[in-house]
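A.B. asks: One structure, pasted below without further comment.
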Amino acid sequence: MADLEGLKQAVIVGKRLDAVELTKQAVGEGVDPQELVNSILIPALNVVGDRFEKKEIFVPEMMIAAKTMQACMDVVKPLLRKEAKIVHGTVVLGTVYGDLHDIGKNLAKLLLESSGFKVIDLGVGVRPKTFVDAAGAQKADVVGLSSLLTTGDPHVLETVKAIREGGVSGGVKIVCGGAALTRRFVEETCGADAFAKDAAEGVRKIKELLGITQ
Ligand code: B12
C-alpha cells in the first residue's frame, strides 16, 4: 500500500531519494497524481512553512524541503500534463519583483497549459515593466501574478497599476495568486480582476473572465 504519510514526512524533512521513491510507488499503485499534489505535497510544504515561522527550522531546511518537493513534482508532472487541443488564449505569468518562490507559479502554468492556454512564463522576480512589455508583445489575454511574500504586496499593487496604465491592449485581465495575497487586497485594493486561492480556481476564474464555457 502507498505510504502517503511516509511521503509527506520525507518532504518535510527533505529526504529527497526516499520522497521520489515513495512518489513513484504511489502513482505506480494508482494514487491520483493531482490528489497526491493537493493532499500530500502541498500540505507538506505548509508544515515546513509553519515550522519556519515558529523558528523550529531555518532557510536551509526550507530550501531542502522545497527541492525535495520539486523532485517529486518532476515525477508527477508528466502525468498531470494533458495535451489540450484548443488554444483559449495567452497568459503571461510570473512571480512579482523581490520574490523568488516559483513552485505555485509552476503548478499554475502546468494546469493552464493542460487547460488549453498558451503560457509565457517570465520566471521569478519580475519587474512591473517586464510584465507590461511582455503582455503587449504577446497580445496577452491575461496576466497572472504570483506573490508569496507580504513584502511583495507593494509590487503586486505597482504591477497591476503599471499594466492598467501601460497601454496594454484594452481588456487584458489580471489574476493573482499566492500565499501572501487575499481576495480583498487583490480585487479591492489593487483593482485586479480576480484572486485565485489555488491553480484550479485560477483556471476557472480565467475562463470565466474570458467568457470561455468549455
Ligand atoms: C518553499 C518555500 C521557500 C523556498 C522557495 C523555493 C521555490 N523554488 O519556490 C525558499 C527556501 C527558497 C524560500 C525562501 C524564502 N521564504 Co519561503 N516559503 C516556502 C514555503 C515553505 C512553501 C511555498 C510553496 O511553494 N508552497 C506550495 C505552493 C504550491 O503553494 P503556493 O505558492 O501558495 O501556490 C498555490 C496557490 O497559492 C496558487 N498560486 C500561486 N501563484 C499563483 C499565480 C496564479 C496566476 C494563480 C492563478 C495561482 C497561483 O496556486 C498554487 C497551487 O495551487 C512557504 C510556506 C507556505 N505555507 O506557503 C514559505 C514562505 C512563503 N516563505 C517565507 C519567507 C519569509 C521566505 C524568505 C524571506 C526567508 C528568508 N529569510 O530568506 C525567503 C524569500 C526569498 C525571496 N526573495 O523570495 C514566508 C513568507 C512570510 C510572509 N508573510 O511574507 C513563508 C509563508 C513561510 C512562513 N510561514 O513564514 N521559501
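Taken together, the values in this text are just the output of simple stated rules run on the coordinates, not laboratory data. Note that the structure is a prediction, hence the values are computed from the model and not measured. Quick reminder, even Gly has a Cβ in these numbers, built from the backbone with ideal geometry, and neighbours come from all protein chains shown.
A.B. asks: Taking other Cβ within 10 Å of each residue's Cβ, how do Phe58, Phe52 sort, fewest first?
C.D. replies: Fewest to most other Cβ atoms nearby, the residues stand as Phe58, Phe52.
A.B. asks: Among residues other than Gly125 whose Cβ falls under 10 Å from its Cβ, what is the net charge (Lys/Arg +1, Asp/Glu -1)? Walk me through the numbers on the way to the answer.
C.D. replies: Numbers: positive: Arg127; negative: Asp99, Asp102.
Value of the local net charge: -1.
A.B. asks: For the chain, what is the convex hull volume of the alpha-carbon atoms per residue, in Å³?
C.D. replies: 116 Å³
A.B. asks: While we're on this one: How big is region 57-117 along each principal axis, measuring the range of its Cα positions in Å and listing the largest first?
C.D. replies: Each principal axis gives a Cα extent; for region 57-117 these are 45, 29, 10 Å.
A.B. asks: Rounded to the nearest 10 degrees, what's the angle between the helix 103-114 long axis and the longest principal axis of the chain, both from Cα atoms, 0 to 90?
C.D. replies: 70 degrees
A.B. asks: Would you tally the net charge around Ala180, using a Cβ to Cβ cut-off of less than 12 Å, leaving Ala180 out, and scoring K and R as +1, D and E as -1?
C.D. replies: So the environment of Ala180 carries a net charge of -2.
A.B. asks: How far, in degrees from 0 to 90, does helix 42-53 lean away from the longest principal axis of the Cα atoms of the chain, to the nearest 10?
C.D. replies: In the chain, helix 42-53 runs at an angle near 90 degrees to the longest axis.
A.B. asks: Where does the charge balance sit around Ala71 when Lys and Arg score +1, Asp and Glu -1, over other residues with C-beta under 13 Å from its C-beta?
C.D. replies: Result for the local shell: +2.
A.B. asks: Dividing the alpha-carbon Rg of region 4-80 by 2.2 N^0.38 Å yields what?
C.D. replies: 1.03
A.B. asks: Less than 13 Å apart at the alpha-carbon level, and either on another chain or at least 8 residues along: which aspartates and glutamates does that give for Lys197?
C.D. replies: Glu187
A.B. asks: In region 55-96, which GluC sites (Glu not before Pro) are in a loop and have at most 13 other Cβ atoms within 10 Å, using DSSP for the loop call?
C.D. replies: When the GluC sites (Glu not before Pro) of region 55-96 are filtered for loop state and at most 13 Cβ neighbours within 10 Å, Glu56, Glu83 remain.
A.B. asks: Quick one: length gained pulling Glu53 to Lys85 fully straight, 0.36 nm per residue minus the C-alpha distance?
C.D. replies: That pair, Glu53 and Lys85, stretches by 7.2 nm at full extension.
A.B. asks: Hey, which of these cross-link pairs are over 18 Å Cα-Cα: Lys129/Lys207; Lys24/Lys77; Lys118/Lys207? Display every interim value, and only then the final one.
C.D. replies: Details: Lys129/Lys207 26 Å; Lys24/Lys77 12 Å; Lys118/Lys207 13 Å.
Over 18 Å apart, Cα to Cα: Lys129/Lys207.
A.B. asks: Could you pull out every residue, at least 5 positions away or on a different chain, whose amide H is within less than 5 Å of the one on Ile57? Hs are placed 1.01 Å off N in the peptide plane, and Pro or chain starts have none.
C.D. replies: For Ile57, the qualifying residues are Phe52.
A.B. asks: Going by Cα centres, region 2-16 and region 30-93 are how many Å apart?
C.D. replies: A separation of 13 Å, based on Cα centres.
A.B. asks: Another one. Calculate, in nm to one decimal, what Gln214 and Glu188 gain on full extension: separation in residues at 0.36 nm each, minus their alpha carbon distance.
C.D. replies: Full extension of this stretch gives 6.5 nm more.
A.B. asks: Additional query: How big is D for region 89-210, in µm² s⁻¹ as a whole number, if Stokes-Einstein is applied with the Kirkwood radius of its Cα pairs at 10 °C and 1.306 mPa s?
C.D. replies: Using the Kirkwood radius from Cα pairs, D works out to 117 µm²/s.
A.B. asks: Then there's this: How far, in degrees from 0 to 90, does helix 59-80 lean away from the longest principal axis of the Cα atoms of the chain, to the nearest 10?
C.D. replies: The helix 59-80 is inclined about 80 degrees to the chain.
A.B. asks: Percent relative contact order of the chain, based on C-alpha pairs within less than 8 angstrom and at least six residues apart?
C.D. replies: Rounded, it is 16 percent for the chain.
A.B. asks: If you scale each eigenvalue of the Cα gyration tensor by 5 and take the root, what three semi-axes come out for region 112-171, rounded to whole angstrom and sorted largest first?
C.D. replies: Semi-axes from the Cα gyration tensor: 19, 16, 9 Å.
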